[in-house]
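The values are calculated or read from the model by the stated rules, or taken from the named source; none is laboratory data. All values derive from a computational prediction rather than experimental measurement. Every residue, glycine as well, gets a Cβ built from its backbone with ideal geometry; the counts of neighbours run over all protein chains shown. Note: areas computed on protein heavy atoms with side chains; ligands, DNA, RNA excluded. Shrake-Rupley method; radii C 1.70, N 1.55, O 1.52, S 1.80 Å.
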Amino acid sequence: MADMKTPLAKVRGLGSAKDGTHHWLSHRVTAIANIPLVVFFVVSFVGNAGKGHAEWVAWLKQPIVSVLMILFIANMVYHMRLGLQVLIEDYVHDHGTKFASMIALTFACVLIAALSIFSILRIAFGG
């Protein structure tokens, strides 16, 4: 049976998803947002080096510190996910493996973020 589709109909839906620019921009925005958050993280940890558990807990209970740490975790995990997604898309060629890898990546990132943020909130609210 002869194919009666026009050349345009044959390629429709197979072209660019037009999602690359958004992904690229998101990765750059999260990288820029990480700059002050990483500076805060490093300065805070260097400033608290050598302190005991009670001092660390008191430090993390401060509202601004808790919020900045949650922002740090959320932004860092999202940035990590975007970067690893590109690696999977570029270097994993089998569709089934790629799909499974993306699902595993998403679950791992959600788990990391959820456990980290839960831990910060538990300390911040005295649990």
Exercise. Restricting attention to region 10-17, does a residue exist that is surrounded by 10 or more Cβ atoms within 10 Å (Cβ to Cβ), in a helix (DSSP H, G or I) and at pLDDT below 95?
Worked result: yes
Exercise. Considering only residues of region 92-121 that are hydroxyl-bearing (Ser, Thr, Tyr) and touching a residue at least 12 places away in the same chain (Cβ under 8 Å), which is surrounded by the fewest Cβ atoms within 10 Å (Cβ to Cβ)?
Worked result: Thr106
Seminar exercise, completed: Within region 49-74, residues of a type in the set (A, V, I, L, M), open to solvent by less than 70 Å² (accessible area, probe 1.4 Å) and closer than 16 Å to Ile112 by Cβ come out as Met69, Ile70, Ile73, Ala74
Problem set entry | One residue from Val77, Val46 being at pLDDT 95 or above and open to solvent by less than 90 Å² (accessible area, probe 1.4 Å) | Val77
